[in-house]
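Presented below is the structure to which this report refers.
The values are calculated or read from the model by the stated rules, or taken from the named source; none is laboratory data. Worth saying up front: this structure is predicted, and the values here are computed from it rather than measured. Positions of Cβ are backbone-derived with ideal geometry, glycine not excepted, and every protein chain shown enters the neighbour counts. For accessibility, only protein heavy atoms count, side chains too; no ligands or nucleic acids. Shrake-Rupley method; radii C 1.70, N 1.55, O 1.52, S 1.80 Å.
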Amino acid sequence: MCGLLALLTDPSADVSAGLVEAVSGASHLMRHRGPDEPGTWHDDDVVLGFNRLSIIDIAHSHQPLRWGPADSPDRYVLVFNGEIYNYLELREELAATNGATFHTDGDGEAIVAAYHYWGTDALTRLRGMFAFALWDSVERELLCARDPFGIKPLFMATGSAGTAVGSEKKCLLALADELGVDVGIDERAVQHYTVLQYVPEPETLHRGVRRLESGSYALVRPGGRPEVTRYFTPRFAAVPFRAGSEQSRYDEITAVLEDSVAKHMRADVTVGAFLSGGIDSTAIAALAMRHNPRLITFTTGFEREGFSEVDVAVASAEAIGARHVTKVVSQSEFVSALPEIVWYLDEPVADPALVPLYFIAREARKHVKVVLSGEGADELFGGYTIYREPLSLKPFSYLPGPLRRSMAKASAPLPDGMRGKSLLHRGSQTLEERYYGNARSFSDAQLQAVLPGFRSDWTHTDVTARVYAESAGWDPVARMQHIDLFTWLRGDILVKADKMTMANSLELRVPFLDPEVFAVASRLPLDQKITRSTTKYALRRALAPVIPPHVLNRPKLGFPVPIRHWLRAGELLDWAYEMVSSSGAGELVDITAVTTMLDEHRTGASDHSRRLWTVLIFMLWHAIFVDGSVTPQISEPTYPVQL
């Protein structure tokens with residue numbers, strides 16, 4: 001686990017001492033990702049920077065890691081962020097079938113050896129989370145890759161002087177002058193962010209910086225641009241249950257999850273688990289207890305009644321026998337941490353739940369170095385309530401197209417919030433028109449009022465059209481799950497999970513997002529995912545023997561945040577008014593319109609909380625990364641090498 005940075009220069013420019021120093025300085029900006037072991041390495045074409053958080057083979061698996069076959073022992077140099085959970089099996093196979101030799105006990109050498117013998121096919125054999133840059137000194141080629149679901153990030157920037165890739169965008173921005181990269185604001189990405197509440201891959205808010213997409217790799221040669229190839233495309237292909245086979249399919253889910261958790265527990269340091277009290281995190285913690293009976297679980301909540309699941313999480317921890325630690329976050333703590341949190345994010349993410357996640361990660365890091373969590377279960381097994389919408393809208397599908405379109409016109413003049421208006425409107429639309437993830441809060445009219453540069457042709461279809469094209473013919477729930485894998489999961493859920501834990505030098509592992517688990521989940525038929533009364537039907541049946549009964553049928557929990565209430569009175573409201581009045585983002589956001597929204601929300605005339613939070617986080621991001629009016633105080637990591 002580390003923060004990585006690689007800079008591949010143009011052939012006309014050799015690597016200089018100044019460039020090595022610049023990479024070292026940029027790497028220091030992500031020291032929180034790996035406080036145990038910083039450093040750089042270079043040859044004539046490439047500079048590699050790293051910050052290692054030692055988890056597996058602490059004493060020997062240093063980075064950059066050098067490996068090669070007997071006739072060229074230093075051919076490859078690797079900087080790697082993540083964990084390969086089947087590395088023991090891969091090393092054994094490579095040694096037995098290819099004669100590979102290894103000099104450490106870690107997982108990094110498994111990546112390099114697998115690539116040497118199997119080429120890019122090796123990527124489909126890696127069971128884990130990863131982003132890496134692998135320099136081949138013989139072919140003079142840099143291979144960059146991300147894991148299938150995008151658990152670990154990788155930013156890329158190419159300019160007149162070369163290409164840089166890194167775990168954090170701020171590092172590439174620090175090298176912009178050396179690279180000759182355009183760091184102007186991408187206004188289309190700003191509009192996408194305002195619609196979705198996150199910046200969708202591969203975009204970032206800076207024109208010259210992109211993200212390597214999940215499930216993809218890029219090959220870069222000196223003087224060339226990255227050549228990107230997708231190696232993993234998720235497919236949902238339902239296999240109907242045969243009569244009498246139900247229990248065997250549920251047992252298959254239980255078995256693959258238990259195997260995934262067992263492999264995710266591989267570490268030379270203590271592993272804990274986040275616990276919200278819901279089915280997903282409780283299942284992971286209960287299965288982890290089988291491998292570590294002394295497991296510590298962690299949860300967070302707020303002082304306001306109705307916004308804390310601490311009691312449920314405590315009951316769940318007691319039921320499975322885990323030691324439990326809680327962190328209650330005050331409004332004052334919440335407000336004071338925002339600048340630091342947005343600095344760690346790199347890109348704005350308007351999900352308030354990332355703030356309590358930051359605090360519980362900070363608390364967990366006092367006890368452990370690795371935590372397990374339940375992200376991904378909803379996307380794989382059908383857990384979001386919105387996935388039940390096709391059931392309620394099914395009658396509309398039998399209506400002729402002209403009649404459905406007339407319903408949209410009929411619903412338009414109805415007052416917002418009137419019972420039935422939303423149903424008529426959504427029933428008149430195709431799935432492609434109405435569904436693009438979990439986060440829409442602005443109507444087009446509201447968006448136009450807030451964004452001076454609003455363009456009607458910059459729509460969610462920029463993001464979803466290609467993904468929908470790949471799922472033609474699937475059932476509607478599978479298509480929604482597929483969209484979420486490429487939007488909400490990798491744009492919001494996994495970004496906040498990675499950034500907020502790494503901000504505290506804590507490694508988060510997600511056993512649901514495992515290729516073998518996905519292979520089982522992807523074969524579930526529609527009626528085993530959602531029914532009219534529940535979600536994740538098959539998963540609930542499979543986990544019935546594993547988790548406490550009081551959790552089994554509880555609704556989705558997460559970490560609820562009282563943003564709506566705090567933006568009506570108190571410190572967060574004061575902060576919001578100050579942020580709006582002092583913002584230098586007036587060319588991108590209409591300050592008057594935002595002030596009006598804040599006034600209406602404060603008086604209770606309207607609930608603008610989600611819209612306000614989206615704009616406020618953008619303004620704070622702009623103040624930090626564009627106009628420099630806010631400078632967060634980032635402390636040096638002080639964690640010990642091993643706990």
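For the list (1) open to solvent by less than 40 Å² (accessible area, probe 1.4 Å); (2) under 30 Å from Ala131 (Cα atoms); (3) at pLDDT 95 or above, I need the number of the one condition that Arg235 fails.
(1)
Condition test on Asp147, is it open to solvent by 10 Å² or more (accessible area, probe 1.4 Å), modelled with pLDDT of 95 or more and more than 29 Å from Ala17 (Cβ to Cβ)? Working first, answer last.
Numbers: open to solvent by 10 Å² or more (accessible area, probe 1.4 Å): no; modelled with pLDDT of 95 or more: yes; more than 29 Å from Ala17 (Cβ to Cβ): yes.
No, not satisfied.
Checking the condition out of contact with any Leu (no Cβ under 8 Å at 6 or more places or on another chain) and either open to solvent by 10 Å² or more (accessible area, probe 1.4 Å) or not β-branched (Val, Ile, Thr) (or both), which residue from Gly3, Gly49 passes?
Gly3
Among the residues of segment 481-535, which ones are under 24 Å from Ala465 (Cα atoms) and among the β-branched types (Val, Ile, Thr)?
Passing the criteria: Ile483, Thr487, Ile493, Val495.
Which numbered condition in (1) under 14 Å from Thr254 (Cα atoms); (2) surrounded by fewer than 17 Cβ atoms within 10 Å (Cβ to Cβ); (3) among the charged types (D, E, K, R); (4) in contact with a Leu (Cβ under 9 Å, 6 or more places away or on another chain) is the only one that Arg540 fails?
(2)
In a loop (DSSP other than H, G, I, E, B), in contact with a strand residue (DSSP E or B) (Cβ under 9 Å, 6 or more places away or on another chain) and open to solvent by less than 30 Å² (accessible area, probe 1.4 Å): does that describe Val368? Step through it out loud before you land on a result.
On the way: in a loop (DSSP other than H, G, I, E, B): yes; in contact with a strand residue (DSSP E or B) (Cβ under 9 Å, 6 or more places away or on another chain): yes; open to solvent by less than 30 Å² (accessible area, probe 1.4 Å): yes.
When the stated conditions are applied, Val368 passes them.
Could you please let me know if Phe512 is in contact with a Gly (Cβ under 9 Å, 6 or more places away or on another chain), touching a residue at least 60 places away in the same chain (Cβ under 8 Å) and open to solvent by 10 Å² or more (accessible area, probe 1.4 Å)?
no
For the condition open to solvent by 10 Å² or more (accessible area, probe 1.4 Å), touching a helix residue (DSSP H, G or I) at 6+ places or on another chain (Cβ under 6 Å) and acidic (Asp, Glu), what is the one hit in Glu363, Glu375, Glu379, Glu389?
Working: Glu363 fails: touching a helix residue (DSSP H, G or I) at 6+ places or on another chain (Cβ under 6 Å); Glu379 fails: open to solvent by 10 Å² or more (accessible area, probe 1.4 Å); Glu389 fails: touching a helix residue (DSSP H, G or I) at 6+ places or on another chain (Cβ under 6 Å).
Just one listed residue meets the conditions, Glu375.
Test Pro413 against the stated conditions and say whether it is farther than 29 Å from Thr535 by Cα, in contact with a His (Cβ under 9 Å, 6 or more places away or on another chain) and in a loop (DSSP other than H, G, I, E, B). Even if it seems obvious, please write down each step before you answer.
Working: farther than 29 Å from Thr535 by Cα: yes; in contact with a His (Cβ under 9 Å, 6 or more places away or on another chain): no; in a loop (DSSP other than H, G, I, E, B): yes.
When the stated conditions are applied, Pro413 does not pass them.
Take Glu507 and tell me if it is in contact (Cβ under 8 Å) with a residue 12 or more places away in the chain, out of contact with any His (no Cβ under 9 Å at 6 or more places or on another chain), surrounded by fewer than 18 Cβ atoms within 10 Å (Cβ to Cβ) and within 27 Å of Phe274 (Cα to Cα).
Numbers: in contact (Cβ under 8 Å) with a residue 12 or more places away in the chain: yes; out of contact with any His (no Cβ under 9 Å at 6 or more places or on another chain): yes; surrounded by fewer than 18 Cβ atoms within 10 Å (Cβ to Cβ): no; within 27 Å of Phe274 (Cα to Cα): yes.
Criteria not met by Glu507.
Identify the single condition in (1) assigned to a loop (DSSP other than H, G, I, E, B); (2) farther than 27 Å from Lys536 by Cα; (3) without any contact (Cβ under 8 Å) to a residue 60 or more places away in the chain that Pro452 does not satisfy, given that it satisfies every other one.
Unmet for Pro452, out of (1) assigned to a loop (DSSP other than H, G, I, E, B); (2) farther than 27 Å from Lys536 by Cα; (3) without any contact (Cβ under 8 Å) to a residue 60 or more places away in the chain: (3).
Confirm whether Gly82 is among the small types (Gly, Ala, Ser) and in a strand (DSSP E or B). Before the answer, list the steps.
Numbers: among the small types (Gly, Ala, Ser): yes; in a strand (DSSP E or B): yes.
Taking the combined requirement at face value, the residue satisfies it.
At negative phi and either out of contact with any Ser or Thr (no Cβ under 9 Å at 6 or more places or on another chain) or open to solvent by 40 Å² or more (accessible area, probe 1.4 Å) (or both): is that true of Asn86 in this structure? Spell out the reasoning first.
Details: at negative phi: yes; either out of contact with any Ser or Thr (no Cβ under 9 Å at 6 or more places or on another chain) or open to solvent by 40 Å² or more (accessible area, probe 1.4 Å) (or both): yes.
Against the criterion (at negative phi and either out of contact with any Ser or Thr (no Cβ under 9 Å at 6 or more places or on another chain) or open to solvent by 40 Å² or more (accessible area, probe 1.4 Å) (or both)), Asn86 qualifies.
Given the criterion surrounded by fewer than 18 Cβ atoms within 10 Å (Cβ to Cβ) and in a helix (DSSP H, G or I), identify the matching residue among Asp498, Asp492, Asp457, Asp462. Walk me through how you get there before you give the answer.
Values: Asp498 fails: surrounded by fewer than 18 Cβ atoms within 10 Å (Cβ to Cβ); Asp492 fails: surrounded by fewer than 18 Cβ atoms within 10 Å (Cβ to Cβ); Asp457 fails: in a helix (DSSP H, G or I).
Testing whether each residue is surrounded by fewer than 18 Cβ atoms within 10 Å (Cβ to Cβ) and in a helix (DSSP H, G or I) leaves just Asp462.
If you go through segment 572-590 one residue at a time, do you hit one that is farther than 26 Å from Ala449 by Cα and aromatic (Phe, Trp, Tyr)?
So in segment 572-590, the residues farther than 26 Å from Ala449 by Cα come out as none.
No, every residue in segment 572-590 fails to be farther than 26 Å from Ala449 by Cα and aromatic (Phe, Trp, Tyr).
Given (1) open to solvent by 10 Å² or more (accessible area, probe 1.4 Å); (2) more than 16 Å from the chain's Cα centre (by Cα); (3) within 30 Å of Leu620 (Cα to Cα); (4) not β-branched (Val, Ile, Thr), where does Ala353 come up short, assuming only one miss?
Among (1) open to solvent by 10 Å² or more (accessible area, probe 1.4 Å); (2) more than 16 Å from the chain's Cα centre (by Cα); (3) within 30 Å of Leu620 (Cα to Cα); (4) not β-branched (Val, Ile, Thr), Ala353 violates only (2).
Quick check on Phe396: is it surrounded by 15 or more Cβ atoms within 10 Å (Cβ to Cβ) and either without any contact (Cβ under 8 Å) to a residue 24 or more places away in the chain or in a helix (DSSP H, G or I) (or both)?
Details: surrounded by 15 or more Cβ atoms within 10 Å (Cβ to Cβ): yes; either without any contact (Cβ under 8 Å) to a residue 24 or more places away in the chain or in a helix (DSSP H, G or I) (or both): yes.
Here the answer is yes, as Phe396 does meet what is asked.
Can you pull out every residue in segment 610-630 that is touching a residue at least 60 places away in the same chain (Cβ under 8 Å) and in a loop (DSSP other than H, G, I, E, B)?
Once the filter is applied, which keeps residues that are touching a residue at least 60 places away in the same chain (Cβ under 8 Å) and in a loop (DSSP other than H, G, I, E, B), segment 610-630 yields Val626, Val630.
Table: residues versus (1) touching a residue at least 24 places away in the same chain (Cβ under 8 Å); (2) part of a helix (DSSP H, G or I); (3) open to solvent by less than 10 Å² (accessible area, probe 1.4 Å); (4) out of contact with any Ser or Thr (no Cβ under 7 Å at 6 or more places or on another chain).
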position	(1), (2), (3), (4)
Glu340	yes, yes, no, yes
Pro348	yes, no, yes, yes
Ser406	no, yes, no, yes
Arg419	no, no, no, yes
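When you scan segment 421-439, how many residues do you find that are hydroxyl-bearing (Ser, Thr, Tyr), surrounded by 15 or more Cβ atoms within 10 Å (Cβ to Cβ) and under 20 Å from Trp488 (Cβ atoms)?
First, the residues of segment 421-439 that are hydroxyl-bearing (Ser, Thr, Tyr): 422, 428, 430, 435-436.
Subset that is surrounded by 15 or more Cβ atoms within 10 Å (Cβ to Cβ): 428, 435-436.
Now restrict to residues that are under 20 Å from Trp488 (Cβ atoms): 435-436.
Counting residues in segment 421-439 that are hydroxyl-bearing (Ser, Thr, Tyr), surrounded by 15 or more Cβ atoms within 10 Å (Cβ to Cβ) and under 20 Å from Trp488 (Cβ atoms) gives 2.
Quick one: would you say Asp311 is assigned to a helix (DSSP H, G or I) and open to solvent by 10 Å² or more (accessible area, probe 1.4 Å)?
When the stated conditions are applied, Asp311 passes them.
Please specify each residue of segment 258-286 satisfying the condition of being under 12 Å from Glu375 (Cβ atoms), among the polar types (S, T, N, Q) and part of a helix (DSSP H, G or I).
The one that is under 12 Å from Glu375 (Cβ atoms), among the polar types (S, T, N, Q) and part of a helix (DSSP H, G or I): Ser281.
Quickly run through segment 101-142 and pick out the residues that are open to solvent by less than 10 Å² (accessible area, probe 1.4 Å), in a loop (DSSP other than H, G, I, E, B) and touching a His at 6+ places or on another chain (Cβ under 8 Å).
Of everything in segment 101-142, just one residue is open to solvent by less than 10 Å² (accessible area, probe 1.4 Å), in a loop (DSSP other than H, G, I, E, B) and touching a His at 6+ places or on another chain (Cβ under 8 Å), namely Gly106.
If you scan segment 130-150, which residues turn out to be under 18 Å from Thr229 (Cα atoms) and among the hydrophobic types (A, V, I, L, M, F, W, C)?
Phe130, Ala131, Phe132, Ala133, Leu134, Trp135, Leu142, Leu143, Cys144, Ala145, Phe149
Need pairs with beta-carbon distance below 8 Å; first residue among the aromatic types (Phe, Trp, Tyr) and within segment 195-206, second part of a loop (DSSP other than H, G, I, E, B); sequence gap 6+ or separate chains.
Once the first residue is among the aromatic types (Phe, Trp, Tyr) and sits in segment 195-206, its partners that are part of a loop (DSSP other than H, G, I, E, B) give Tyr198/Glu347; Tyr198/Pro348; Tyr198/Val349; Tyr198/Ala350; Tyr198/Asp351; Tyr198/Ala439.
Are any residues in segment 238-277 over 23 Å from the mean Cα position of the chain (by Cα), open to solvent by less than 40 Å² (accessible area, probe 1.4 Å) and closer than 30 Å to Arg294 by Cβ, and if so, which ones?
Selection gives Tyr250, Ile253, Thr254, Val269.
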